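The values are calculated or read from the model by the stated rules, or taken from the named source; none is laboratory data. Please read all numbers here as calculations on a predicted model, not as lab measurements. All Cβ positions, glycine included, derive from the backbone under ideal geometry; neighbour counts span all protein chains shown.
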Amino acid sequence: MLMASGTMLESKSHNSLWRKRIIVGIAAALVLGIVVFLLLKPAPEQPRAAPAFSLPLLMGDGELASAELEGKPVVINFWGSWCEPCKEELPAFQRTYVDYRDEVEFVGINMKDNLDDARAMAEEFGLTYPLVVGEVDLEREFDLVGYPTTVFITSDYERLDSDLEPDDGPTLLGGKQGGTSGLGAISEEELRAEVEKLISASEDE
């Protein structure tokens, strides 16, 4: 009986030791997993300053410089009279501009266009926000991938990544870049949602 009791005690002690080892092993694996996750987790993207520009006005004389826009959120829309999706969204930009012009700056940058055609289109849609004539270098500086493209910029003149997904449309460079609307026309509902997000982000800065 004493031998049996001793064997049972040894067995219980042995089982207890293994349980402790298993628990310690699981805990170590969890800690290791957390460490690996934290090491592999991508660092949050740092805000990116939007490119500076100084461009001639489409209507009238003079230029508009990006330095004049700092201090308020900015919506920049790249468009052309030759761009069919641009024609779809420009009326929504004008209506949204009228409702938000006290809080947000709107700028239309006309690209690769016949200026007479661009002016005629601006008059047809009654565009009253500032319109300027863009240069081809802006495609690289703003990471443009197609037309139309809309860029949202905070009051600190930093690019805000858009929640909008790419739509079907003409492609220049291929792929979606952060801080743009993607390709294709933006609906008025989408545009207003992005403007509200832009205002909120600028208030948090």
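Some observations on this one:
- Selection within the stretch 53-80 - over 26 Å from S200 (Cβ atoms), within 26 Å of the chain's Cα centre (by Cα) and assigned to a strand (DSSP E or B): S54, L55, A65
- Pairs meeting the criteria (first residue in the stretch 128-145 and over 19 Å from V98 (Cβ atoms), second residue charged (D, E, K, R) and at pLDDT below 90, beta carbons under 7 Å, at least 6 apart or on different chains) are V145/K176.
- In the stretch 116-126, residue nearest to P91 (Cα to Cα) [restricted to those that are exposed (fewer than 13 other Cβ atoms within 10 Å of the Cβ) and touching a residue at least 24 places away in the same chain (Cβ under 8 Å)]: G126
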